Amino acid sequence: LVEKPAAPWAIAVTSDPSTVRITLSGDGNQHAVRELRDGLASVHLQALVDKTEAVIVDISKVDFLSTGCVRELLGWVTTVVGVAPPARYQIRFLYHPGIPWQKRSLFAFQHLGDGLVAVEPV
Amino acid sequence: MSDLHKPNAATGSARKVPSFDLVFRPSVELISLVRRFVADFYIEVVSDQDTASRLALTTHELLENAVKYSTDGEAFLHVELDPHEGIVSVRTRNRASPSQIEALRGNFAEIAAAPDASALYAQMLRKSAVATGSGGLGLARIWAESEMNLRLVVVDDQVEIHARGRITAPE
């Protein structure tokens with residue numbers, strides 16, 4: 001095997017008065033799971049305090065998303081679905097249109113989000 | 001008779017096809033490294049990024065499964081591509097305890113009973129959303145997203161999972 005440098009996992013969070021944007025990038029392997037869980041929990045709490053209208057999760061720069069990471073995203077979506085309106089915020093997932101696995105991996109969330117989740121090309 | 005794969009013996013066809021065997025003690029870093037290697041290996045044989053990503057997902061999830069269920073930390077990986085037949089297959093093998101083998105048998109029973117891959121994956125996602133650590137999500141994801149059929153072979157304490165699928169764009 002010839003080692004190629006793996007793109008490091010990274011989570012960047014930016015916000016404006018109505019929207020929070022989470023940009024994920026790199027290799028979403030098992031090591032990324034804890035950081036993703038903590039990051040989503042932190043964003044969720046802040047979004048409730050700030051009365052955020054929508055949280056955008058951009059996975060267009062993610063090389064791979066392990067099932068552990070999918071499970072964390074799923075847990076977060078489920079948590080948001082359980083929040084009573086009007087505190088509940090919308091979730092928009094963005095994928096790279098040239099990377100088919102990203103759309104496939106996100107597609108299932110649309111059916112679990114109780115109309116709360118949108119999946120769109122970046 | 002054992003249905004376990006013999007290293008260095010091409011399966012499914014007498015014809016020589018691109019393949020490799022790997023025996024190692026997987027870690028998170030090594031699984032990611034092998035996943036990228038498998039994707040690159042595939043692209044060298046059949047230039048098709050989408051199928052390469054399906055193969056990468058399958059390899060990664062099966063190796064994580066092997067780590068989860070291995071009793072000695074060791075895993076065997078076999079990858080075989082047949083561009084002429086349009087078939088790609090991945091096998092992982094590891095030793096597992098009786099309780100772990102039973103858990104895997106349960107996962108495969110759910111796969112066998114499911115009406116289709118999408119239905120099972122949706123069901124597993126719903127289950128995972130309310131129960132942490134519920135098993136089988138990775139296998140359901142392979143079936144649904146990689147569109148590879150899965151088979152479990154158990155011989156004594158050795159567990160082998162076979163994933164087999166079509167190459168999207170055969171040359």
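The values are calculated or read from the model by the stated rules, or taken from the named source; none is laboratory data. Because the structure is predicted, anything quoted here is derived from the model rather than measured. In this analysis, Cβ positions are derived from the backbone assuming ideal geometry, glycine residues included, and neighbour counts consider all displayed protein chains.
Within region B:20-55, the set of residues being in contact with a Ser or Thr (Cβ under 9 Å, 6 or more places away or on another chain) and either under 15 Å from B:Gly165 (Cβ atoms) or part of a loop (DSSP other than H, G, I, E, B) (or both) comprises B:Arg25, B:Pro26, B:Val38, B:Ala39, B:Tyr42, B:Val46, B:Asp48, B:Asp50, B:Thr51, B:Ser53, B:Arg54, B:Leu55.
In region A:7-21, which residue that is loosely packed, with under 11 Cβ neighbours inside 10 Å and touching an Asp or Glu at 6+ places or on another chain (Cβ under 9 Å) is nearest to A:Ala41 (Cα to Cα)?
Applying the filter and picking the extreme gives A:Pro17.
When B:Ser128, B:Ser89, B:Ser118 are checked against the criterion of being farther than 20 Å from B:Thr59 by Cα and of a type in the set (Ser, Thr, Tyr), B:Ser128 stands alone in meeting it.
Close contacts from region B:21-40, counting a first residue that is facing another protein chain (nearest Cβ under 10 Å) and among the small types (Gly, Ala, Ser) and a second that is assigned to a loop (DSSP other than H, G, I, E, B) and surrounded by 19 or more Cβ atoms within 10 Å (Cβ to Cβ), with Cβ to Cβ under 6 Å and a gap of 6+ residues or different chains, come to B:Ser32/A:Asn29.
Out of all the residues in region B:55-72, which are at pLDDT 90 or above and either within 14 Å of the chain's Cα centre (by Cα) or facing chain A (nearest Cβ under 7 Å) (or both)? Walk me through it before giving the result.
Going through region B:55-72, the residues at pLDDT 90 or above turn out to be B:55-63, B:71-72.
Within region B:55-72, B:Leu55, B:Ala56, B:Leu57, B:Thr58, B:Thr59, B:His60, B:Glu61, B:Leu62, B:Leu63 qualify.
Cβ-Cβ contacts under 9 Å between residues 6 or more apart (or on different chains), taken from a first residue in region A:93-121 that is within 13 Å of chain B (Cβ to nearest Cβ) and touching a residue at least 60 places away in the same chain (Cβ under 8 Å) to a second residue that is in a loop (DSSP other than H, G, I, E, B) and surrounded by 16 or more Cβ atoms within 10 Å (Cβ to Cβ), are absent.
Tell me the residue from A:Val62, A:Val80 that is assigned to a strand (DSSP E or B) and away from every other protein chain (no Cβ under 11 Å), please. Give the steps one after another, and end with the answer.
Details: A:Val80 fails: assigned to a strand (DSSP E or B).
Criteria check complete, one pass: A:Val62.
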